[in-house]
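The values are calculated or read from the model by the stated rules, or taken from the named source; none is laboratory data. Nothing here was measured: the structure is a model prediction, and the numbers come from that model. Don't worry about glycine lacking a Cβ; one is built from the backbone with ideal geometry, like all the others, and counts go over all protein chains shown. These accessible areas exclude ligands, DNA and RNA; they are computed on the full protein's heavy atoms, side chains included. Shrake-Rupley method; radii C 1.70, N 1.55, O 1.52, S 1.80 Å.
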Amino acid sequence: MNKFLRQISFFLVVIIVIIFISAYFYGNLKNNYLKNKNFKINIETTTLILGDSHSQTTFDDKKIPHSKNISFHAEHYIFTYFKLLKILSANPQITNVVLSFGPHNISQGSDISLFSSQRTSRSFARYFMLLDANGVKDIYSPSQNWRINYLKWKYNIPFQLKLEAKLIIKVLQQKEIKLRDYPFIGSFHSSNKHVFKDVSTPIKIHYYSNGNELKKSEIALKYFYKIIELCDENNIKLILVNTPQHKEYRNLIPQYFVSYYKKTVYKVSQLYPNVIYIDYSDYQLSDSCFGDYHHVNNIGSEIITNELLKSPINYK
Amino acid sequence: MKFTSFEFIIFFIIVFTIYWFVFKNSIRKQNVLILISSYFFYGYWDYRFLSLIFISSLLDFLLAKKMQSEDNENRRKGMLIISLISNIGMLGVFKYYNFFSNSFNEMYQNLFGNDLGFVTLNLILPIGISFYTFQTLSYTIDVYRQKLKASNDPITFFAYVSFFPQLVAGPIERAVNLLPQFEKERFFDYDRAKDGLRQILWGVFKKVVIADNVGTYVDQFYNNPELYSGSNLALGAFYFAFQIYCDFSGYSDIAIGTARMFGFNLMKNFNYPYFSRDIGEFWRRWHISLSTWFRDYLYIPLGGSKVDSKARLFFNVLTIFIVSGLWHGANWTFIVWGFLNAMLFFPSILTGRNRKYLNTIGDGNRFPSFKEISKMFLTFIMVNLLWIFFRANTVSDAIIYISNIFVESFFTMPTKLGGIPMIVLLIIMEWRSRTKNHALENLQEKRFIRWGGYISLIMLIIIFTGEEKVFIYFQF
């Protein structure tokens with residue numbers, strides 16, 4: 001037994017030393033790839049398109065002058081906020097932000113990516129490098145995955161390397177890091193698919209849990225207003241867009257969310273008159289324009305992108 | 001309490017310390033400690049589960065004792081029947097009642113337009129119920145067959161049934177093997193403990209680095225197969241084969257390694273099943289404790305392969321595979337999976353070639369021959385296709401998944417290749433050690449190379465941890 005304990009203790013000491021050394025080196029690598037200069041985008045880009053899969057599938061940034069679509073599917077507003085914060089600090093030329101904003105964005109359904117034990121780790125791993133202490137506190141969940149990721153975040157223990165591999169390799173090779181190398185940077189997603197499978201599935205995901213109707217998400221609302229304030233402070237024109245939804249989906253959105261959403265839109269218009277709100281949710285699109293019940297496909301995207309171009313936004 | 005949790009590490013250190021330092025001179029105290037800690041381990045999920053395992057253990061303990069002292073064969077048989085009915089009854093109510101009730105209602109409704117009015121029960125499926133039920137069943141059947149003496153010590157017997165390393169997902173230990181180990185004095189053995197730790201390390205690696213990692217891709221592919229190319233769906237099926245293998249065999253490795261740390265030897269549950277050359281060999285290497293259980297307590301009593309007619313043989317094979325499928329879960333997907341396995345297995349048993357490959361593939365050689373690789377590949381493809389039924393939510397989902405694989409885009413490059421490097425590492429490590437109990441057993445390399453390997457595995461576990469999924473076999 002003594003021999004066993006001696007060996008184990010020695011092995012543990014070696015492991016701890018190695019973890020400390022790797023944490024030191026990893027911390028340096030992380031600081032390097034998080035340098036502001038790496039977040040610089042083309043100086044001519046003045047419009048950022050942000051949000052979840054709704055803006056990702058709707059707005060073709062190739063057709064919108066001086067714009068860049070960096071939306072990422074299932075992105076919660078807390079992550080959008082930190083992403084925007086980081087990019088704005090490196091890109092003072094940004095004058096417009098287009099943000100997808102639908103009732104599902106302020107439902108507790110959107111919190112699944114933050115608090116469900118399965119999804120927490122995925123989004124934490126993707127966005128951890130952007131978060132500050134308050135952000136990490138806000139996404140606290142009593143799961144083991146959260147605890148492990150928190151420890152990794154706090155003590156610079158290597159995270160999910162598959163998401164960071166490109167960044168680390170570029171730092172080691174002293175190559176230039178591009179914005180698209182970051183795991184949280186998405187892009188316009190064009191799809192020619194048209195699959196109407198089951199309208200109740202997205203409705204359940206967005207607005208129900210175990211058959212019970214969900215409530216508004218406090219954390220989504222908190223960061224929604226923080227995004228508005230961030231844009232306000234930086235004199236950026238914020239354009240909130242409710243992207244098209246199929247009428248079968250729209251009709252199933254619980255009344256609570258329909259009215260709370262309307263109230264929020266009204267409140268924003270009162271508190272922040274500079275914010276533009278555009279509602280395409282009931283835009284008359286044929287079925288063939290939809291990828292599924294709540295996303296447009298490439299045909300729908302072309303129509304809505306053209307519509308956005310007609311709106312009173314200065315893209316220069 | 002999951003093996004891969006902080007709680008388990010603390011729990012393990014406390015129990016290990018008391019077991020070897022405080023109670024090292026008393027088997028009885030060690031058994032009491034195992035019993036208490038096992039009930040704590042199990043109750044940590046949900047304390048309500050404890051009543052079931054307690055009732056099951058108590059019933060079988062009393063019935064076996066009574067059976068032993070009884071000379072009248074009919075009464076002995078009656079006691080066995082009581083044990084079978086109560087154990088299978090509990091399993092049936094908690095695991096299968098809703099499935100059969102829904103299925104009969106649906107069938108009746110399709111035939112006659114109205115349902116039978118069977119209600120569904122709002123029951124939680126107790127974790128590991130299928131495992132410990134089969135373990136206690138083996139005990140009473142063996143006592144009935146007079147292969148084993150009934151235990152006189154309730155502490156020993158209850159500790160055997162609830163032994164925490166293998167309680168929730170096996171290996172399903174026979175009383176003949178495990179119970180006597182509770183009755184003997186246990187000594188701390190440095191080499192055994194060291195090997196136990198290595199096996200635990202390998203098991204955690206398989207679970208955290210491979211199963212949980214590829215499981216993320218598997219979920220994406222299976223949840224929305226219509227969104228992915230045929231090549232990606234084929235990759236998804238490939239990933240699931242490794243997810244389920246690494247998840248379950250990883251758990252078994254941790255269980256066996258943990259038991260070794262306490263001086264117990266559990267049976268081998270997986271013997272590198274994907275290195276099999278035909279379906280018969282696969283089933284001798286996959287979930288061995290369950291396959292042999294069904295062989296000894298179902299297949300052989302039915303007559304096994306020593307029956308007069310081919311129809312009867314077919315019935316026996318079909319029964320064992322269908323029941324095995326049903327054991328995995330109350331869903332038609334598992335029944336279809338069992339049925340298809342029987343269809344694949346039956347020709348080999350009919351031609352007497354089911355025990356053709358009893359040796360280890362590439363025995364004595366570093367690499368397999370081309371012929372062996374071809375057979376291994378073909379077997380893997382067949383097993384892989386059947387796993388789709390096992391993973392899909394419904395039989396029609398499985399058919400949609402398969403039909404979406406074999407389309408034009410099957411010949412495009414898959415995009416989600418992130419799980420491949422670790423699977424390659426697994427295959428290399430397991431191929432090297434295919435004659436051993438686990439990949440890290442008895443490594444001959446120099447110490448610094450061995451330690452380098454262990455440290456690399458630990459670092460990989462640290463990097464990959466945080467995306468953990470529940471062990472798949474817990475649901476069974």
Discussion item. Please compute, for the alpha-carbon atoms of chain A, the extent along each of the three principal axes and give them in descending order in Å.
Written reply: 76, 48, 39
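Which value results for Rg/Rh of the protein assembly as shown when Rg is the Cα radius of gyration and Rh the Kirkwood radius based on the inverse mean 1/r?
Working: Rg = 29.4 Å, Rh = 29.5 Å.
Result: Rg/Rh = 1.00.
State the extension gain, in nm to one decimal, for the chain segment bounded by B:Ile14 and B:Ile27, taking 0.36 nm per residue of separation less the distance between their alpha-carbons.
Values: separation 13, 0.36 × 13 = 4.68 nm, distance 1.77 nm.
Gain on extension, B:Ile14 to B:Ile27, equals 2.9 nm.
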Item to complete: Mind giving me the nanometre distance, one decimal, between the label points for A:Ile205 and B:Asn114, set 7 Å out from Cα along Cα→Cβ?
Response: 4.0 nm
Practice prompt. Show the residues, 5+ positions off or on another chain, whose built amide H is closer than 5 Å to the amide H of A:Ile49.
Written response: A:Lys68, A:Asn69, A:Ile70, A:Val98
Worksheet item: Under a plain spin-label model, where a point goes 7 Å from the Cα along Cα-to-Cβ, how far apart in nm are B:Ala311 and A:Ser116?
Response: 5.0 nm
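At 1.4 Å probe size, with the rest of the protein present, what percent of the exposed accessible area of the range B:1-83 is carbon and sulfur atoms?
Values: 2980 of 4460 Å².
Looking at the range B:1-83 in its full context, I get 67 percent from C and S.
For the range B:280-340, what is the charge dipole size about the Cα centre, in debye to the nearest 20, if Lys and Arg each add +1 at the Cβ and Asp and Glu each add -1 at the Cβ?
The dipole magnitude comes to about 100 debye.
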Worksheet item: Amide H to amide H under 5 Å from B:Asp278: which residues, 5+ apart in sequence or cross-chain, H placed 1.01 Å off N in plane?
Response: none
Item to complete: Check cross-link reach from A:Lys40 to the aspartates and glutamates: straight Cα distance under 18 Å, and skip same-chain residues fewer than eight apart.
Response: A:Asp61, A:Glu176, A:Asp181
Item to complete: Please work out the Cα center distance from the range B:203-243 to the range A:103-158, rounded to the nearest Å.
Response: 23 Å
Worksheet, complete the sentence: Any lysines whose Cα falls less than 22 Å from that of B:Lys24, other than same-chain ones fewer than 8 residues away, would be A:Lys3, B:Lys184, B:Lys194
Worksheet item: Can you work out ³J(HN,Hα) from phi for every residue in the range A:35-43, in order, using Karplus 6.51 cos²θ - 1.76 cosθ + 1.60 and θ = phi - 60°, giving whole Hz and x for Gly and Pro?
Response: 4, 3, 4, 6, 8, 5, 10, 3, 4
Worksheet item: Hey, what do the phi angles of the range B:406-417 turn into as Karplus ³J(HN,Hα) couplings, whole Hz, using 6.51/-1.76/1.60 and θ = phi - 60°, x for Gly and Pro?
Response: 8, 10, 3, 6, 4, 8, 9, 7, x, 9, 9, 9
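Mean Kyte-Doolittle of at least 1.0 and a Cα length of 20 Å or more along the axis: which whole DSSP H helices of chain B meet both?
Working: long enough: B:27-43 (23 Å, 0.64); B:49-69 (31 Å, 1.23); B:73-91 (27 Å, 0.39); B:97-112 (22 Å, -0.52); B:129-144 (22 Å, 0.50); B:190-204 (21 Å, -0.55); B:230-261 (46 Å, 0.58); B:310-328 (27 Å, 1.11); B:332-350 (26 Å, 1.62); B:370-391 (31 Å, 1.15); B:447-464 (25 Å, 1.63).
Long hydrophobic helices here: B:49-69, B:310-328, B:332-350, B:370-391, B:447-464.
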Item to complete: Using DSSP to define loop residues, name the trypsin sites (Lys or Arg not before Pro) in the range A:58-147 whose beta-carbon has at most 13 other beta-carbon atoms within 10 Å.
Response: A:Lys62
Fill in: Ranked packing of A:50-57, B:149-156, B:46-53, most packed first, by mean Cβ within 10 Å
A:50-57, B:149-156, B:46-53
Response to the item:
Set B:Lys207/B:Lys356; A:Lys86/A:Lys178; B:Lys29/B:Lys77; A:Lys30/A:Lys62; B:Lys268/B:Lys356, cut-off 26 Å on Cα-Cα distance; pairs above it are B:Lys207/B:Lys356; B:Lys29/B:Lys77; A:Lys30/A:Lys62
Response to the item:
Projecting the Cα atoms of B:Ser130, B:Met376, B:Leu52 onto the charge dipole of chain B, where Lys and Arg contribute +1 and Asp and Glu -1 at Cβ, the residue farthest towards the positive end is B:Met376
Fill in: Under-29-angstrom lysine pairs by C-alpha in the range B:365-476, whenever the two are 8 or more apart or on separate chains
6
Discussion item. Which residues does the label zone of B:Gln146 cover in the range B:61-75, counting backbone N under 18 Å from a point 7 Å along Cα→Cβ?
Written reply: B:64-75
Response to the item:
Between A:Leu12 and B:Ile400, the FRET efficiency computed from the C-beta separation at R0 = 51 Å comes out, to the nearest 0.05, as 0.55
Practice prompt. Choose one of A:Pro273, A:Thr45, A:His294: the residue whose Cα lies farthest towards the positive end of the charge dipole of chain A (beta-carbon charges +1 Lys, Arg; -1 Asp, Glu; about the Cα centre).
Written response: A:Thr45
Item to complete: Take each complete run of DSSP H in chain A, measure how far its Cα atoms stretch along the helix's own axis, and keep only those covering 27 Å or more with mean Kyte-Doolittle hydropathy at least 0.0; list them.
Response: A:2-33
Worksheet item: So for the range A:198-262, taking the charge dipole from beta-carbon charges (+1 Lys/Arg, -1 Asp/Glu), which of A:Leu214, A:Tyr256, A:Asn234 sits furthest toward the positive end?
Response: A:Tyr256
Discussion item. Under 25 Å between alpha carbons, and skipping anything fewer than 8 positions from A:Lys215 in its own chain: which lysines qualify?
Written reply: A:Lys137, A:Lys204, A:Lys226, A:Lys247, A:Lys262, A:Lys263, A:Lys267
Practice prompt. Would you calculate the separation in nanometres between label points at A:Lys267 and B:Asn393, each defined as 7 Å from the Cα along the Cα-to-beta-carbon direction?
Written response: 3.4 nm
Fill in: Nearest-20 debye value, the range B:49-188 charge dipole, Cβ charges on Lys, Arg, Asp, Glu
320 debye
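Please give the charge dipole size of the protein assembly as shown, origin at the Cα centre, charges +1 on K and R Cβ atoms and -1 on D and E Cβ atoms. Round to the nearest 20 debye.
On the way: 85 positive and 58 negative charges, 459 e Å.
That gives a dipole near 2200 debye.
With r defined as the distance between the Cβ atoms of B:Ile373 and A:Asn42 and R0 fixed at 45 Å, what FRET efficiency is calculated, to the nearest 0.05? Intermediate results must be reported in sequence, preceding the final value.
Values: r = 51 Å, r/R0 = 1.14.
The computed FRET efficiency comes out at 0.30.
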Worksheet, complete the sentence: For A:Tyr272, other-chain or 5+-apart residues with amide H closer than 5 Å (H placed, Pro excluded) are none
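Counting each DSSP H run of 4 or more residues in chain B as -39500 (n - 2.57), what helix-only mean residue ellipticity at 222 nm follows after dividing by all residues, to the nearest 500 deg cm²/dmol? Before the final figure, lay out the partial values.
Numbers: 19 runs with 294 residues, N = 476.
Helix-only estimate at 222 nm: -20500 deg cm²/dmol.
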Worksheet item: With the radius of gyration and the Kirkwood radius both derived from the Cα set of the range A:1-45, what is their ratio Rg to Rh?
Response: 1.48
Worksheet, complete the sentence: On the formula 1/(1 + (r/R0)^6), with r taken between the Cβ atoms of B:Lys77 and B:Lys356 and R0 of 60 Å, the FRET efficiency rounded to 0.05 is 0.95
Worksheet item: What percentages, rounded to whole numbers, describe P(r) for the range B:49-188 computed over all alpha carbon pairs with 5 Å bin width beginning at zero?
Response: 2, 10, 18, 18, 15, 11, 9, 7, 5, 3, 1, 0, 0, 0
